[in-house]
Amino acid sequence: MTERIVVVGAALLDAGRLLAARRSAPPELAGRWELPGGKVEEGEAPEAALMRELREELGVEAETVERVPGEWPLRPPYVLQVWTARLCPGSAAPEPLQDHDALRWLTPTEIWDVDWLDQDVPAVRKTLPKLTTGAH
Ligand code: CDP
């Protein structure tokens with residue numbers, strides 16, 4: 001059986017905007033924008049991993065809303081899965097604590113203004129209708 005490790009990404013939505021995070025490392029990814037997230041650890045549920053990553057990387061308390069259908073291959077053995085998420089009441093505002101050096105809340109018209117990681121583009125495209133319908 002092929003080993004497969006899930007990387008979870010968050011489409012964090014707030015007031016009709018999507019959070020994009022600019023990677024500061026590694027050098028080949030630095031400067032590109034992504035949905036914040038990271039690797040699911042052994043024995044960890046993907047949604048729990050996402051909440052942990054958002055806490056570590058952005059200092060926020062967030063909850064997942066729903067899975068964005070699909071799964072996108074990264075460098076083997078990694079595959080990307082994405083959930084929409086929202087900030088919990090009382091959460092701090094996100095700040096770039098590790099892995100990132102800038103954050104932007106993008107409105108639907110701004111969504112393609114940033115240079116997304118190639119592998120995140122399909123998930124961002126699928127998230128777009130959720131911004132315009134005001135679901136968050
Ligand atoms: O934080 P952790 O070390 O768990 O994971 P990461 O380094 O943030 O992400 C693991 C891999 O997934 C990296 O190679 C990232 O390029 C990739 N990734 C991605 O392609 N898209 C994302 N939205 C998040 C991570």
Taking Leu13, is it more than 12 Å from the ligand (Cβ to nearest atom), in a strand (DSSP E or B) and not polar (S, T, N, Q)? yes
Filter pass, Leu131 being in a helix (DSSP H, G or I) and of a type outside the set (Val, Ile, Thr): yes
Going by the structure shown, is Arg75 out of contact with any His (no Cβ under 6 Å at 6 or more places or on another chain), at negative phi and modelled with pLDDT under 95? yes
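Looking at the range 85-100 only, could you name the residues that are more than 11 Å from the ligand (Cβ to nearest atom) and surrounded by fewer than 20 Cβ atoms within 10 Å (Cβ to Cβ)?
Arg86, Cys88, Pro89, Gly90, Ser91, Ala92, Ala93, Glu95, Pro96, Leu97 - these are the residues of the range 85-100 that are more than 11 Å from the ligand (Cβ to nearest atom) and surrounded by fewer than 20 Cβ atoms within 10 Å (Cβ to Cβ).
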Mind listing whichever residues of the range 58-84 are surrounded by 21 or more Cβ atoms within 10 Å (Cβ to Cβ) and within 10 Å of the ligand (Cβ to nearest atom)? Leu80, Val82
Tabulated pairs, the range 42-71, first closer than 24 Å to Asp101 by Cα and in a helix (DSSP H, G or I), second aromatic (Phe, Trp, Tyr) and modelled with pLDDT of 95 or more, C-beta under 8 angstrom, 6+ apart or interchain: Leu50/Trp83
Tell me, please, whether a residue that is touching a helix residue (DSSP H, G or I) at 6+ places or on another chain (Cβ under 9 Å), of a type in the set (Asp, Glu) and under 23 Å from Gly59 (Cα atoms) can be found in the range 99-106. yes
Mind counting the residues in the range 16-40 that are assigned to a loop (DSSP other than H, G, I, E, B) and either near the ligand (Cβ under 8 Å from one of its atoms) or of a type outside the set (Asp, Glu) (or both)? 12
Looking only at the range 73-128, how many residues end up being β-branched (Val, Ile, Thr), outside any helix (DSSP H, G or I) and more than 19 Å from Val40 (Cβ to Cβ)? 3
I'd like the residue in the range 105-121 that is within 16 Å of the ligand (Cβ to nearest atom) and crowded, with 16+ Cβ neighbours inside 10 Å and, out of all such residues, is farthest from Arg75 (Cα to Cα). Leu106
How many residues, within the range 16-39, are farther than 14 Å from Pro94 by Cα, within 13 Å of the chain's Cα centre (by Cα) and not charged (D, E, K, R)? 2
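The values are calculated or read from the model by the stated rules, or taken from the named source; none is laboratory data. Just so you know, these numbers come straight off a predicted model, no measurement behind them. Note that each Cβ is placed from the backbone with ideal geometry, even for glycine, and that neighbours are counted across all protein chains shown.
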